[in-house]
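To start, the structure itself, in structure tokens.
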Amino acid sequence: MISRTSHLPLVALAGRHGERTAVVDAQGSFTYNDLLDASSRVAAALLSGRENLDEERVAFLVTPGFAWVAVQWGIWRAGGVVVPLPLNSPRSELEYFIDDSKASTLVYDAPAETALAPIAADRGIRALSCDQVLAGEPAELPDIASERRAMILYTSGTTSRPKGVVATHANITAQIMSLVEAWEWSADDRIVLFLPLHHVHGIINVVSCALWSGATCEMMPRFDANTVWDRIASGGVTLFMAVPTIYVKLIAAWDAASPERRAALSKACAKLRLMVSGSAALPVSTLERWKEISGHTLLERYGMTEIGMALSNPLRGERVPGSVGKPLPRVEVQLVGENGELVAPGTPGEIEVRGPSVFAEYWGKPDATRDAFREGWFRTGDTAIIENGVYRILGRTNIDILKTGGHKVSALEIEEALREHPAVAECAVVGIPDPEWGERVAAAVVLKGDDALDLQSLRAWARELLAPHKLPSRLLVLDALPRNAMGKTVKPAIAALLQAADGGEPGV
Ligand code: AMP
């Protein structure tokens, strides 16, 4: 048994939830007491006689499930910093995360051993299997102060190598508490996790909020549309959180199902109390289609690795399609112009965020950390506008806000319009450099079925919806858009494809 209570709020709260089910995975059901016991063993194994890991980084690659959480909590309880590694990464990427974080220990389960054991051996880093750490002999565990570093998550850099975003225990607690309050999490909730566990969405919004609340988190190793639908259909799930591409895949699976199954799936959705979308812009067409299928108006929210969640449509009250609502509890948000001045409502500005959930620093990058803040506000690099009192995201300032012929246009707005075209299944708009226009509006599209589309007919069609300077002057038809593990389109890769193809017609 554990020799003393923990001062980590998440762990301390687990003591109150005792015999409730915390995690369900392919191996079975595990209570909060199981989690406390297993994580204390992991902590003891990691400490191996020491008193405190003193913020040493422990990188781990474990299939999502009970063991993943036990390892995460064990590292925390030993005083270490968790560095969750992404599944299915090439060796060079894993090496980068391990080297950059200067991890002192690697923990992996059997499927990850071939990937990590050689990396540990090459570097002389301590390597421990999941089974080994779970079998640790319980020992005295240290008190962990809330301002200590707790987690490093790597953000997908667009222009540079990924940066390690450092959150303290206090940051993580603030991120969790804000969502638990806004979305009214309770011990009666049950959520299914199928998102990757190297990203804030899965780690904080799903797993940590559930475990904070005494709820149950069912963990699937990966996303599969029909498996997820089956799980919704079998009942008991109350909350659902996903990225837009997952909703698109669930819609496709629903469309492919028999009429009887469709009816059963739609009926089962009525039992859920909340379905959330985030981490990328939710196309209004997806929101509408999902509403037809499930009866739910998806709650769209906006967040980022550096800040947790910042803006959210309301749990109760009107959810505005295409908007991300208002600031979450204890999160301050403002929109500023190029010189840091506050912009008037109705004028686009860069989102700045302040509050206890905002991260501490980029790991080992004091210059990048300094540049990311302005007078205590974190500069998100996203542009938004307030319309009728709610925020609408216009995109990444440097990527999605195109400057064409002296106009500033939002790629997200153009994408929203192009998706209305009957032949367009998916699309991504980027700016490509142009001597005359500054940037040209360029679109990559994936078409429905055997449909065909050329630039002239797309432009002719889009004239009804978009001002002339927003019309694409380059078009590339792709089989699939390049996306990352979170389902987000990788805009620099799309811009490179468009530039390479340069399929536009001169003079347009
Ligand atoms: P990440 O740190 O990987 O979670 O990525 C955060 C970025 O995702 C933000 O800076 C936004 O550009 C984007 N993002 C997150 N939520 C939304 C949303 N609801 N709408 C549009 N973009 C979003």
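The values are calculated or read from the model by the stated rules, or taken from the named source; none is laboratory data. The structure displayed is predicted, hence computed values, not measured ones. Cβ: placed from backbone, ideal geometry, glycine included. Neighbour counts: every protein chain shown. For the accessible areas, the whole protein counts, side chains as well, though only heavy atoms, and no ligand, DNA or RNA atoms are used. Shrake-Rupley method; radii C 1.70, N 1.55, O 1.52, S 1.80 Å.
Worth a mention:
- Per the Debye formula on identical point scatterers at the alpha carbon atoms of region 327-381, with no solvent, log10 I(q)/I(0) at q = 0.24, 0.27, 0.29 Å⁻¹ is -0.97, -1.11, -1.19.
- Residues in the chain average 41 Å² of solvent-accessible surface per residue, probe 1.4 Å, ligands and nucleic acids excluded.
- The alpha carbons of the chain give a radius of gyration and a Dmax of 23.3, 75 Å, in that order.
- Of the GluC sites (Glu not before Pro) in region 172-230, those whose Cβ has at most 14 other Cβ within 10 Å and which sit in DSSP loop: GLU184
- Label point distance in nm, LEU13-GLU436, each placed 7 Å from Cα along Cα→Cβ: 5.8 nm
- Charged side chains reduced to their Cβ positions (Lys and Arg at +1, Asp and Glu at -1) give the chain a dipole of some 520 debye around its Cα centre.
- Overall form of region 129-256 per C-alpha gyration tensor (a/c, 1.5; a/b vs b/c): prolate
- Convex hull of Cα atoms in region 9-144, direction-averaged projection (nm²): 7.8 nm²
- Dividing the radius of gyration of the alpha carbons in region 405-500 by their Kirkwood radius gives 0.94 for Rg/Rh.
- For region 9-144, the Cβ-based charge dipole about the Cα centre amounts to some 120 debye (Lys, Arg positive; Asp, Glu negative; other atoms uncharged).
- The modelled label-to-label distance between VAL490 and SER156, using points 7 Å beyond Cα along the C-beta direction, is 0.8 nm.
- Sites ARG91 and LYS403 - FRET efficiency at Förster radius 41 Å, r taken between beta-carbons, to 0.05: 0.55
- Dipole axis of region 9-144 (+1 Lys, Arg; -1 Asp, Glu on Cβ), positive-most option in LEU61, VAL11, SER92: VAL11
- Rel. contact order, % - alpha carbon contacts under 8 angstrom, at least six apart, region 405-500: 29 percent
- Calculated FRET efficiency for the pair ALA368/ALA467, C-beta based, R₀ 51 Å, to 0.05: 0.90
- Here the accessible area of the chain is 51 percent carbon and sulfur, with a 1.4 angstrom probe and all protein chains present.
- Between ALA460 and GLU140, the simple label model (points 7 Å from Cα in the Cβ direction) yields a spacing of 8.2 nm.
- Within region 283-309, backbone nitrogen closer than 17 Å to the virtual label 7 Å beyond the Cα of SER266 toward Cβ: 286-298
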